[in-house]
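**Q** Quick one: the structure is below, and I'll ask about it shortly.
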Amino acid sequence: MTRKLGGADGQVMLLVLGICLVCFAVAGLAIDGARLWLMRRSFQSAVDAAALAGAGEVDLDRLYASGGVPVLDPHAARLRAVAVLRERGLGERVEVVAVSDAVRASVRGHLDASFLALVGIDRLPVAAEATAEPVAGER
């Protein structure tokens, strides 16, 4: 005896299929969201380190001439910050701006989605930025 799908059986099958699709979408969002959060955290750590390293490049001649007020060497600060970012493999996606009183490092990139690509979201943007300035130490 064969049973024909229809009525309540067909509705239950559609409901189960819909619930499965929703669960798959939520799982995909959780997985890609966690990957995105970890990538953003990694970018933030890198730009924080770069900005701090750049802020350590003080122009010593101007420091001693000013009586202890730290002034950055913008060229050396920029080079140091870029070097730190290159060490972390982010050299091509960065922007570093250094002036006499601060260093600003930023990185922009994207995450190739795995699960969310199934619903048409292929890339997720990721960015981080940090600023650091030299601080005079106590004597």
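**Q** Are any of the residues in segment 18-38 touching a Lys or Arg at 6+ places or on another chain (Cβ under 9 Å), surrounded by fewer than 17 Cβ atoms within 10 Å (Cβ to Cβ), closer than 24 Å to Leu85 by Cα and at pLDDT 80 or above?
**A** Within segment 18-38, the first condition is being touching a Lys or Arg at 6+ places or on another chain (Cβ under 9 Å), and the residues that meet it are none.
No, segment 18-38 has no match at all.
**Q** Taking the stated definitions as given, is Asp48 touching a strand residue (DSSP E or B) at 6+ places or on another chain (Cβ under 7 Å) and crowded, with 17+ Cβ neighbours inside 10 Å?
**A** Criteria met by Asp48.
**Q** In segment 60-82, which residues are surrounded by 13 or more Cβ atoms within 10 Å (Cβ to Cβ), out of contact with any strand residue (DSSP E or B) (no Cβ under 6 Å at 6 or more places or on another chain) and free of Cβ contacts under 8 Å to residues at least 40 places away in the same chain?
**A** Within segment 60-82, Arg62, Leu63, Asp73, Ala76, Leu79, Arg80 meet the criteria.
**Q** Further question on the same structure: I'd like to check something: does segment 63-80 contain any residue that is of a type in the set (A, V, I, L, M), in a loop (DSSP other than H, G, I, E, B) and touching a Pro at 6+ places or on another chain (Cβ under 6 Å)?
**A** Taking every residue of segment 63-80 in turn, none turns out to be of a type in the set (A, V, I, L, M), in a loop (DSSP other than H, G, I, E, B) and touching a Pro at 6+ places or on another chain (Cβ under 6 Å).
**Q** For segment 10-31, indicate whether the set of residues that are of a type in the set (Gly, Ala, Ser) and farther than 30 Å from Ile121 by Cα is non-empty.
**A** Taking segment 10-31 and keeping what is of a type in the set (Gly, Ala, Ser), we get 10, 18, 25, 27-28, 30.
Applying the additional criterion that residues be farther than 30 Å from Ile121 by Cα yields 10.
Scanning segment 10-31 turns up at least one residue that is of a type in the set (Gly, Ala, Ser) and farther than 30 Å from Ile121 by Cα.
**Q** Further question: Taking the residues in segment 84-102 that are assigned to a helix (DSSP H, G or I) and at pLDDT below 90 as candidates, determine which candidate is surrounded by the fewest Cβ atoms within 10 Å (Cβ to Cβ).
**A** Glu92
**Q** Related question: Please tell me if Leu15 is aliphatic (A, V, I, L, M), in a helix (DSSP H, G or I), surrounded by 13 or more Cβ atoms within 10 Å (Cβ to Cβ) and without any contact (Cβ under 8 Å) to a residue 24 or more places away in the chain.
**A** No.
**Q** Hey, another quick one. What about Ser45, is it hydroxyl-bearing (Ser, Thr, Tyr), modelled with pLDDT under 90 and out of contact with any His (no Cβ under 8 Å at 6 or more places or on another chain)? If you could, list the steps in order and put the result at the bottom.
**A** Details: hydroxyl-bearing (Ser, Thr, Tyr): yes; modelled with pLDDT under 90: no; out of contact with any His (no Cβ under 8 Å at 6 or more places or on another chain): yes.
Spelling it out, it is not the case that Ser45 is hydroxyl-bearing (Ser, Thr, Tyr), modelled with pLDDT under 90 and out of contact with any His (no Cβ under 8 Å at 6 or more places or on another chain).
**Q** Tell me, please, whether a residue that is part of a helix (DSSP H, G or I), under 17 Å from Glu133 (Cα atoms) and aliphatic (A, V, I, L, M) can be found in segment 20-42.
**A** No: segment 20-42 contains no residue that is part of a helix (DSSP H, G or I), under 17 Å from Glu133 (Cα atoms) and aliphatic (A, V, I, L, M).
**Q** Of the residues that sit in segment 103-139 and are part of a loop (DSSP other than H, G, I, E, B) and among the hydrophobic types (A, V, I, L, M, F, W, C), which one is modelled with the lowest pLDDT?
**A** Looking at residues that are part of a loop (DSSP other than H, G, I, E, B) and among the hydrophobic types (A, V, I, L, M, F, W, C), I get Ala136.
The values are calculated or read from the model by the stated rules, or taken from the named source; none is laboratory data. Model, not experiment: these values are computed from the prediction. Reconstructed Cβ throughout: ideal geometry from the backbone, glycine too, with neighbour counts over all protein chains shown.
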